[in-house]
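No value in this document is a laboratory result; all are computed from the given coordinates. Note that this is a predicted model, so its numbers are computed, not measured. Cβ placement follows ideal geometry from the backbone for every residue including glycine, while neighbour counts extend to all protein chains displayed.
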Amino acid sequence: MINFKRVSFTMTNNQIIKNQSVDFISYSPSDRYIGVALSNLTGSYWNGQITILNTETPLSSSLEYNTNSGNTCLRWLSDDSLIFSSDSGAISLLKIDDTSLQILNYLSTTTTTNSSNDNDSNNKNKPPVPKKRRDNIIEILLNCAHDNIISSIDVNHHDSNRLLTASNDRTIKLWDIENRCKSMQFNVHTSEVNAIQWSPKDADLFVSSSTGRVVLSDSRSKSSFTTVKLTNHRHADIPVRSINWNTDNIVWCGMDNGDLLSIDTRNNCYTQSTIKQHHRATINQIKFNPFNNDQLSTVSDDRTYKIYNLSTKQTVTSTIESNINQPNYIKSIDWNKSIENQFITGSNNGIITINKL
């Protein structure tokens, strides 16, 4: 079911409030839109939603696509299409047709109030009429891609037809999106796979994480991989909840115990950059500022987002989201690639916040 809905930003605090948990949030390639993966898994409800927000004006709008399961992750393919994963083990493709984008953009440029003086101008600027048959659909690419929750997905930076998925079923799979088929399966973990990410430089390498280990794999061979076991007593039995490449060879890891550490994939070992108790709870996601690669951002179950400078080894900012009360937490973060030092966060109590350093 597709709903077209006007949503107003509260500009005093730059927040939008949804009625479902925000599990993942991401700017589109042009930064014009924000994709939001939501879940509603409380009580007798078991469903979710994919929301597309327009960011270009203070009065924004959204397209809402209701789903029959909770949604765990999404990746944009272009400004009018994205891939998303669900807790049912499915992978779906969302295509947004031209009419839907016209409506979305129309809503973002009109006001909520109409006076008698505005009637003529409003009549001249009527919204486009949706076609009876729309091309904007949610296509389930693979209904049973995994046997459990899909925890993480990533689209290859060099070839958007190659999709990686990681799951609580302990497997990683490489998919051919165009042909809707599996290219390869990687059984390199012995516990739930929490995160996965392609290398930003090498088209064939990717990194993944689970409890007490980080694995560097070559997508050309299911037997070509290197495992870094976290032998330190603080990390040996702790899930590596989030990962992100910083350079060609350094991968940063967010731990379930709030520690932040980095691994050198050339030597397959810890670096000297372990930060103990960077957060007081699970680090859910790591992102780097696209305008300053020394600035590492993290969000956590402790309700805070932090920006850490790798060069100065100082925390630039540490902010508790004021409208997120215990036991709620911040789940996701992404940076705007067009507006310097602007980023968004999403929490499990449905709050989406636009932040500025």
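What the table below lists for this structure:
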{"item": "Amide proton proximity set for residue 349, modelled H, under 5 Å, gap of 5+", "result": "22, 329"}
{"item": "R0 of 25 Å, Cβ-Cβ distance residue 14-residue 102: FRET efficiency to nearest 0.05", "result": "0.45"}
{"item": "Karplus-derived HN-Hα couplings along segment 147-157 (A = 6.51, B = -1.76, C = 1.60, θ = phi - 60°), whole Hz, x at Gly and Pro", "result": "8, 8, 4, 7, 8, 7, 9, 8, 9, 4, 5"}
{"item": "Estimated vicinal HN-Hα couplings, Hz - segment 261-269 in sequence order (Karplus 6.51, -1.76, 1.60; Gly, Pro = x)", "result": "9, 10, 10, 8, 6, 6, 9, 6, 8"}
{"item": "Residues whose placed amide H lies under 5 Å from that of residue 148, excluding near-sequence neighbours", "result": "169"}
{"item": "Residue-count net charge about residue 187 - beta-carbon cut-off 14 Å; Lys, Arg +1, Asp, Glu -1", "result": "+2"}
{"item": "About the Cα centre, charge dipole magnitude for segment 179-268 (Lys/Arg +1, Asp/Glu -1 at Cβ), debye", "result": "280"}
{"item": "Between segment 151-205 and segment 281-357, the Cα center-to-center distance that results, in Å", "result": "25"}
{"item": "Under-5 Å amide H pairs with residue 297, H placed in peptide plane, nonlocal only", "result": "287, 288, 289, 308"}
